[in-house]
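Read the structure below first, then the notes.
The values are calculated or read from the model by the stated rules, or taken from the named source; none is laboratory data. These numbers come from a predicted model, not from an experiment. All Cβ positions, glycine included, derive from the backbone under ideal geometry; neighbour counts span all protein chains shown. What goes into the accessible areas is simple: the full protein's heavy atoms, side chains included, and nothing from ligands, DNA or RNA. Shrake-Rupley method; radii C 1.70, N 1.55, O 1.52, S 1.80 Å.
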Amino acid sequence: MDLEKTIRALRGRGFAVSHFATRGEAADYLDEAIRDTTVGMGGSKTLDELGLYDRLTQHNDVAWHWREPGFETLDKELAAKVFLSSANAISEDGEILNIDGRGNRLASMVYGPGKTVYIVAGTNKICPDFDSALYRARNTAAVQNMARFAGSQPCQSPKGGRCFDCRAKDRGCNALLVLWGVMFDMAKVEIVLIDEDLGM
Ligand code: SF4
């Protein structure tokens, strides 16, 4: 994993990049940067591991469906001035990949005039190129994510453990978003990289 190459590539695509040794330092940084505003949080084990919801709610209006499920919360996430997510994979060429079942997380990452998006990721999400990043997104992140909703998906069967590109009605892999750059009219998209294994 070539971290310096990845950071250069992300900056070359117009993303802001910050880099921290620990999740605690990254959480302190985000806690200080995000103040007195509306915040939406996408479903993310990484964000959970940073304890961001409890910290940000101290001085922001935060919507997170992992704490308050329902479409009203998802709508608030989409409309928030600041949105936080993680990534399923990041290529060393600076491509950011996410797979979604409902699309709330993807929609919140790609549209919002004046919005600031933070993508928080451990360096374990960095892959050498697009193909390996796509492989990771499908066979690691998506498969682990589906364990939270285990049903008829073949990746959750005893012989699973990888993506079968299934057609299960309850599959959580209905769309892939690849960010190649900062969407029009966004205030900022910042990638917050942390030297730890985080998320799925
Ligand atoms: S497409 Fe199907 S098999 Fe592949 S990770 Fe998603 S739910 Fe599992």
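Name every residue in segment 182-198 that is under 20 Å from residue 133 (Cα atoms) and open to solvent by 20 Å² or more (accessible area, probe 1.4 Å), in order of residue number.
Correct list: 182, 195, 196, 197.
Working only within segment 122-152, note down all residues that are within 11 Å of the ligand (Cβ to nearest atom) and in contact with a Cys (Cβ under 6 Å, 6 or more places away or on another chain).
Those that are within 11 Å of the ligand (Cβ to nearest atom) and in contact with a Cys (Cβ under 6 Å, 6 or more places away or on another chain): 138, 139, 142, 143, 146.
Pairs only if they're at least six apart or on different chains, beta carbon under 8 angstrom, first in segment 136-151 and free of Cβ contacts under 8 Å to residues at least 60 places away in the same chain and open to solvent by 30 Å² or more (accessible area, probe 1.4 Å), second near the ligand (Cβ under 9 Å from one of its atoms) and part of a helix (DSSP H, G or I); list them, first residue then second.
Listed pairs, sorted by first residue: 147/156; 150/156.
I need the full set of residues from segment 163-178 which are surrounded by 14 or more Cβ atoms within 10 Å (Cβ to Cβ) and near the ligand (Cβ under 9 Å from one of its atoms), in order please.
Scanning segment 163-178 gives 163, 164, 166, 168, 171, 172, 173.
Is it fair to say residue 133 is among the aliphatic types (A, V, I, L, M) and over 29 Å from residue 20 (Cβ atoms)?
In short, no.
Enumerate the pairs (first residue in segment 107-132 and of a type in the set (Phe, Trp, Tyr); second residue anywhere and part of a helix (DSSP H, G or I) and open to solvent by less than 40 Å² (accessible area, probe 1.4 Å)) with beta-carbon separation below 9 Å, excluding pairs fewer than 6 apart on the same chain, so at least 6 apart or on different chains.
What qualifies is 118/30.
Residues of segment 44-91 being in contact (Cβ under 8 Å) with a residue 60 or more places away in the chain and over 22 Å from residue 188 (Cβ atoms), which ones?
45, 49
Being touching an Asp or Glu at 6+ places or on another chain (Cβ under 8 Å) and acidic (Asp, Glu) is true for just one of 92, 32, 72, 25. Which residue is that?
The unique qualifying residue is 92.
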